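For reference, the structure is listed below as structure tokens.
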Amino acid sequence: LPQVQVYDKNGLRVVLDLVKHPSNPQLTQANASFTNSNSVPITGLVFQAAVPKHAKLQLNPPSSTTVPPSNSAVVTQVLRISNPLHDDKPMVMRVKLEYTVGASPPVSDLVQVDTFPPGV
């Protein structure tokens with residue numbers, strides 16, 4: 001499945017790598033990767049997501065709440081999507097991100113992700 005870009009702002013980039021469950025087409029694992037192109041770390045990272053009512057989402061904790069600077073390391077978080085209507089309705093996800101870049105004021109951002117491939 002193609003990679004889905006979730007966010008690219010203030011040096012923070014978030015992408016999802018999607019993996020379908022081999023025997024259950026309703027289930028998709030989305031592996032989120034967070035990278036930071038700034039010269040200072042991103043701290044206090046909070047990633048929250050919601051899916052439509054017909055689907056379910058399980059969000060595991062992130063590998064870290066600090067994203068190291070200069071794309072030097074990747075923070076990861078696993079999401080599991082269960083969508084009984086995967087063939088009928090395209091997946092849409094609302095994402096809330098909170099983070100702080102260096103000594104700047106905290107950022108809180110809401111984005112809608114509607115670029116999922118069919119069948120998720």
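Labels on offer are [x] 40, 15, 11; [y] 28, 14, 11; [z] 45, 16, 9, and the one holding semi-axes √(5λ) of the Cα gyration tensor in Å computed from this structure is [y]. Length gained on full extension, L59 to S33: 8.0 nm, using 0.36 nm per residue less the C-alpha separation.
Computed with a 1.4 Å probe over protein heavy atoms only, the accessible surface of the chain comes to 53 Å² per residue. Rounded to the nearest 20 debye, the dipole magnitude of the chain is 200 debye, with +1 charges on Lys and Arg beta carbons, -1 on Asp and Glu beta carbons, and the Cα centre as origin.
Computed from phi, the 3J(HN,Hα) profile of the stretch 31-43 under the Karplus parametrisation 6.51, -1.76, 1.60 (θ = phi - 60°) reads 9, 7, 10, 10, 10, 10, 8, 6, 8, 10, x, 9, 10 Hz, with x in place of Gly and Pro. Inter-label distance, T43 to E98: 1.6 nm, where each label sits 7 Å from its Cα along the C-beta direction. Taking 18 Å as the straight-line reach from the Cα of K89, the lysines in range (excluding those fewer than 8 positions away in the same chain) are K20, K53, K56.
For the stretch 49-116, the Kirkwood hydrodynamic radius comes to 14.1 Å, computed from all pairs of different C-alpha atoms. Using 18 Å as the cut-off for backbone N distance, which residues of the stretch 1-41 belong to the label zone defined by a point 7 Å from the Cα of D87 along Cα→Cβ? From the stretch 1-41, the list is 20-28.
The values are calculated or read from the model by the stated rules, or taken from the named source; none is laboratory data. Note that the structure is a prediction, hence the values are computed from the model and not measured. Backbone-built Cβ (ideal geometry, glycine too); neighbour counts: all protein chains shown. For accessibility, only protein heavy atoms count, side chains too; no ligands or nucleic acids. Shrake-Rupley method; radii C 1.70, N 1.55, O 1.52, S 1.80 Å.
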